[in-house]
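Engineer: I'd like to ask you about the structure that follows.
The values are calculated or read from the model by the stated rules, or taken from the named source; none is laboratory data. It should be emphasised that the depicted structure is a prediction, and the values quoted were computed from it without experimental measurement. Note that we place each Cβ from the backbone using ideal geometry, even for glycine, and neighbour counts take in every protein chain shown. These accessible areas exclude ligands, DNA and RNA; they are computed on the full protein's heavy atoms, side chains included. Shrake-Rupley method; radii C 1.70, N 1.55, O 1.52, S 1.80 Å.
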Amino acid sequence: MEQYKQEFIEFMVESNVLKFGEFTLKSGRKSPFFMNAGAYVTGSQLKRLGEYYAKAIHDKYGDDFDVLFGPAYKGIPLAVVTAMAYSELYGKEVRYCSDRKEEKDHGADKGSFLGSKLQDGDRVVMIEDVTTSGKSMEETVPKVRGAANVEIVGLMVSLNRMEVGKGGEKCALDEVKELYGFETGAIVTMEEVTEYLYNRECQGKIVIDDTLKAAIDAYYEQYGVK
């Protein structure tokens, strides 16, 4: 596993973004782990988060894109910090763009987007925190494609939970790929997280012991992609 992936797994645990225990998800599923990307709050955390996204995007999609698009609201800071990191790490200027939940009808920057205006010919990488169902894409993809004649190169999330999506057969990221025709990727998958943290000390304690590993395995037996 690449060094930055290992570092990112430890970073999620350190930042209290990835938690283990028992959680009821929005879908109603009871999960032994929970990810809250809203817990990245300090300047140094956000700087590092942008760097991990930039590395994963560079790995997966190279440099051949113009815009990072982060769906409102959580995607807005993600697009901003990743654009900054991309400039710093790879010397490439990419623009950031986000949508507004409510259209602005006054001032010089009217419309339904924040940041850079999407232009014909733009190659766009979309950026999200975590995708368990492809619901957010249902709203966002038509907006982005409707704004200009753009090409969506792909989507990058921080964690692929690797659960079946709405269709009940494929994981949500694969469903998005099939539905909209662009690539999808994640900084890490839950399989990589479990494999890396199992019986490994992180922050002075074992994060995933045998009991928790059994609970994760049972969860994927029920909700994982067969």
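Engineer: Equivalent-ellipsoid semi-axes (√(5λ), Cα gyration tensor) for the chain, whole Å, largest first? Mind showing how you got there, number by number?
Structural biologist: Details: eigenvalues 187, 80, 50 Å².
The answer is 31, 20, 16 Å, longest axis first.
Engineer: Got a number for carbon plus sulfur as a percent of the chain's accessible area, 1.4 Å probe? Could you put the intermediate results ahead of the total?
Structural biologist: Working: 5240 of 11170 Å².
Answer for the chain: carbon and sulfur cover 47 percent of the accessible area.
Engineer: What is the projected area of the convex hull of the Cα atoms of the range 1-115, averaged over all directions, in nm²?
Structural biologist: Quarter of the Cα hull surface area: 9.3 nm².
Engineer: Another question, if that's okay. Using the alpha-carbon centroid of each, what span in Å lies between the range 124-163 and the range 191-209?
Structural biologist: Spelled out, the Cα-based centre of one part sits 30 Å from the other.
Engineer: Moving on. Sum up the charges of everything whose Cβ sits under 12 Å from the Cβ of Glu201, counting Lys and Arg as +1 and Asp and Glu as -1, but leave Glu201 out. Please list the in-between numbers first.
Structural biologist: Numbers: positive: Arg200, Lys205; negative: Glu10, Asp209.
With Lys, Arg at +1 and Asp, Glu at -1, the neighbours total 0.
Engineer: In square angstrom, what is the accessible area per residue of the chain with a 1.4 angstrom probe? Spell out each step's value before the answer.
Structural biologist: On the way: 11170 Å² over 226 residues.
Normalised by residue count, the accessible surface of the chain is 49 Å².
Engineer: A further question on this structure: Could you grab the relative contact order for the chain? Cα pairs under 8 Å, six or more apart, rounded to a whole percent. Walk me through the numbers on the way to the answer.
Structural biologist: Numbers: 392 pairs, mean separation 38.5, N = 226.
Once divided by the residue count of the chain, the mean separation gives 17 percent.
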